[in-house]
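To start, the structure under review is shown below, and the notes come after it.
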Amino acid sequence: MEKTLDFKPKFLSAIKNYNKQTFMADLMAGVIVGIVALPLAIAFGIASGVSPEKGIITAIVAGLMISLFGGSKVQIGGPTGAFIVIVAGIISQYGMTGLTIATLMAGVFLILLGVLRLGTIIKYIPYPIVVGFTSGIAVTIFTTQIKDLLGMQMDSVPADFIQKWGAYIYNIGNIDPWSMLVGIVSVVIIAAMPRFSKKVPGSLVAIIVMTVAALLLKQYAGVTTIETIGDRFSINSTLPSAVVPDLTWETIKSLVGPAVTIAVLGAIESLLSATVADGVIGDHHNSNTELIGQGIANIASPLFGGIPATGAIARTMTNINNGGRTPIAGIIHAVVLLGIFLFLMPLAQYIPMACLAGVLVVVAYGMSGWRSFMAMARRNPKSDVTVLLLTFFLTIIFDLTVAIEFGLICACLLFMKRMSETTDVKAIYDEIDLNEDADMERGNLEHLTIPKGVEVYEINGPYFFGAGNRFEDLMARYGNRPKVRVIRMRKVPFIDSTGLHNLENMCRMSQKEGITVVLSGVNPKVEAVLKRNNFQQLLGEENICNHIDLALARANELVS
């Protein structure tokens, strides 16, 4: 079973040698992370288009599942800013039921990725694509918060990025100065808080200070224009029961795209977060187990009314910095949030919307990674810069689904392009220098002379995709038609179906022209593939040689 399923939750190994000292460290870290997660969960929930309690429910349920079943010791899971755009888009198009089904499907996809041991492959998505859509998400989050940050009096906000900014400019005269002041001061408090204390979350301080300030302004100054969560949502602090949505084949088919987007984004973000955490604590997460844990979390969360969740880098780093070293800290963080949800949730109705917008503006700034973006745009190859910019603009102008689909296609194309560039095909003229050769016993010889009427080509690297085309172009430029073509394959580690097809075509075309093809130095793995494809019958066994000296001797025999 272990050979087929790589599922080893870190929770099980962590509790084997657990002690009081480790528990106290986890307890402190879990409490602090729970407090840090509170305002973020509320803000992410509201920004995603759901009620504030759904953000906290997601942090509780998904956070618990990720800590219990995940492959990282210190990963903290929950709703993140990266999902705001995609969740809001799914809700606007398919409704809350559509989001629930899409998230359930994404959970299944994540489990399949882990079961099929694809955890390591996800990490090879090109960095420009990750930076491009992460920066694009940050810009989109910032754009969605302008209305609440400035207290703009608008009937509705367009969904389209360009139209949204057009509406903001058109309604620039409808800004509420008190709401704008709350939003700006919130940003200043969050930005300045690390200078005074790195353990006390600036977002929580901003929410407490601005909520009290808004209440005082309303009570003693008659300021009633500052919109609060209670003005827009009715707060429900009762635990929901698990509800399975009605599933139909038509609904499932229509939600495959959004579900894949949630799964891919969740996989990338959670594995990046786990990798960053590994570098800090000197551990190694199990990527396949982590994906399975994320999948379980994204199946459990929507059943209780939650939204998609993944590993959260900021909360994971907060956990590490405050002493958390086992999944127990993540479980405590979920318990703390549950206590706040049950006993303090009604107080959330007094939080100003402008303050939450300020929290998300700071989150967007942190996500933007503008320094990495600018450095990559200045220093990287043009192909990487093109992918970076296209992914970025597709994210903000269209949506994340389009950007991720494009990004995955780009990842495949870039991989194929760069892999094909690793293969070099060259023609060898007059004589072969033996000083660096290892596919023959050369004795006292320093070189081998190539007989007249013989062409020698060497393939250096895997023989696939574009290698065959370069081979054909090189032969076309070689000159006169030879009697024998010797192809050295000593540095070909493997050959794929495209390479086989090209090689077979070349051999058959050569035979039609009266040219004999001799293969030299074929390694055992490649030779086995050739045998399965009947190259002995095509070329003749005597024309598949182990060494270049044997190949040239055979060529000389054919020429003479």
Original post:
Taking the range 97-119 as the region of interest, how many residues are over 30 Å from Met419 (Cα atoms) and open to solvent by less than 60 Å² (accessible area, probe 1.4 Å)?
Top reply: 10
Original post:
How many residues, within the range 498-540, are of a type in the set (Asp, Glu) and open to solvent by less than 10 Å² (accessible area, probe 1.4 Å)?
Top reply: 0
Original post:
Looking at (1) farther than 23 Å from Leu356 by Cβ; (2) surrounded by 17 or more Cβ atoms within 10 Å (Cβ to Cβ); (3) among the β-branched types (Val, Ile, Thr), can you tell me which one Thr211 breaks?
Top reply: (1)
Subject >> Check on Ser203, assigned to a helix (DSSP H, G or I) and touching a strand residue (DSSP E or B) at 6+ places or on another chain (Cβ under 6 Å) >> reply: no
**OP:** Give the range 277-327 a look and list any residue that's within 24 Å of Phe109 (Cβ to Cβ), among the hydroxyl-bearing types (Ser, Thr, Tyr) and in a helix (DSSP H, G or I), or say none.
**Re:** Ser287, Thr289, Ser301, Thr316
Original post:
Can you tell me which residues in the range 541-551 are among the polar types (S, T, N, Q) and crowded, with 18+ Cβ neighbours inside 10 Å?
Top reply: Asn543
Original post:
Is it fair to say Gly45 is closer than 21 Å to Val157 by Cβ, without any contact (Cβ under 8 Å) to a residue 24 or more places away in the chain and assigned to a helix (DSSP H, G or I)?
Top reply: no
**OP:** Tell me, yes or no, whether the range 331-340 has at least one residue that is surrounded by fewer than 24 Cβ atoms within 10 Å (Cβ to Cβ), over 31 Å from the mean Cα position of the chain (by Cα) and not polar (S, T, N, Q).
**Re:** yes
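Residue-wise test of (1) surrounded by fewer than 22 Cβ atoms within 10 Å (Cβ to Cβ); (2) among the small types (Gly, Ala, Ser); (3) under 16 Å from the mean Cα position of the chain (by Cα).
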{"position": "Leu271", "(1), (2), (3)": "no, no, yes"}
{"position": "Thr275", "(1), (2), (3)": "yes, no, yes"}
{"position": "Glu290", "(1), (2), (3)": "no, no, yes"}
{"position": "Ala297", "(1), (2), (3)": "no, yes, no"}
{"position": "Leu303", "(1), (2), (3)": "yes, no, no"}
Original post:
Quick one: would you say Arg325 is among the basic types (Lys, Arg), over 24 Å from Glu405 (Cβ atoms) and surrounded by fewer than 18 Cβ atoms within 10 Å (Cβ to Cβ)?
Top reply: yes
Original post:
Are any of the residues in the range 406-423 of a type in the set (S, T, N, Q), assigned to a helix (DSSP H, G or I), open to solvent by less than 50 Å² (accessible area, probe 1.4 Å) and at pLDDT 70 or above?
Top reply: yes
Original post:
Going through the range 249-260 one residue at a time, which ones are within 15 Å of Tyr94 (Cα to Cα) and surrounded by 10 or more Cβ atoms within 10 Å (Cβ to Cβ)?
Top reply: Thr251, Ile252, Ser254, Leu255, Val256, Gly257, Pro258, Ala259
Original post:
Within the bounds of the range 120-135, is there any residue that is open to solvent by 30 Å² or more (accessible area, probe 1.4 Å), under 17 Å from the mean Cα position of the chain (by Cα) and among the basic types (Lys, Arg)?
Top reply: yes
Original post:
Quick one: Ile184 ticks every box in (1) in a helix (DSSP H, G or I); (2) out of contact with any Cys (no Cβ under 6 Å at 6 or more places or on another chain); (3) open to solvent by less than 70 Å² (accessible area, probe 1.4 Å) bar one, so which box is it?
Top reply: (3)
Subject >> Matching helices (runs of 4 or more DSSP H) fully within the range 444-538 where at least 1 residues are at pLDDT 85 or above >> reply: 497-512, 524-532
**OP:** For the range 31-48, state whether one or more residues are farther than 21 Å from Val205 by Cα, of a type outside the set (Val, Ile, Thr) and open to solvent by 10 Å² or more (accessible area, probe 1.4 Å).
**Re:** no
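To keep it simple, each residue is scored yes or no on (1) among the hydroxyl-bearing types (Ser, Thr, Tyr); (2) at pLDDT 95 or above; (3) crowded, with 18+ Cβ neighbours inside 10 Å; (4) over 36 Å from the mean Cα position of the chain (by Cα).
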| site | (1), (2), (3), (4) |
| --- | --- |
| Met180 | no, yes, no, no |
| Ser197 | yes, no, no, no |
| Ile207 | no, no, yes, no |
| Gln219 | no, no, no, yes |
| Thr225 | yes, no, no, yes |
| Ile229 | no, no, yes, no |
| Ile235 | no, no, no, no |
**OP:** Could you tell me whether Leu247 is outside any helix (DSSP H, G or I), in contact (Cβ under 8 Å) with a residue 24 or more places away in the chain and out of contact with any helix residue (DSSP H, G or I) (no Cβ under 7 Å at 6 or more places or on another chain)?
**Re:** no
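The values are calculated or read from the model by the stated rules, or taken from the named source; none is laboratory data. What you are looking at is a predicted structure, and each value in this text was computed from that prediction instead of being measured. Positions of Cβ are generated from backbone atoms using ideal geometry, with glycine treated the same way; all protein chains shown enter the neighbour counts. The protein model used for the area step is the full one, side chains on, heavy atoms only, and it has no ligands, DNA or RNA in it. Shrake-Rupley method; radii C 1.70, N 1.55, O 1.52, S 1.80 Å.
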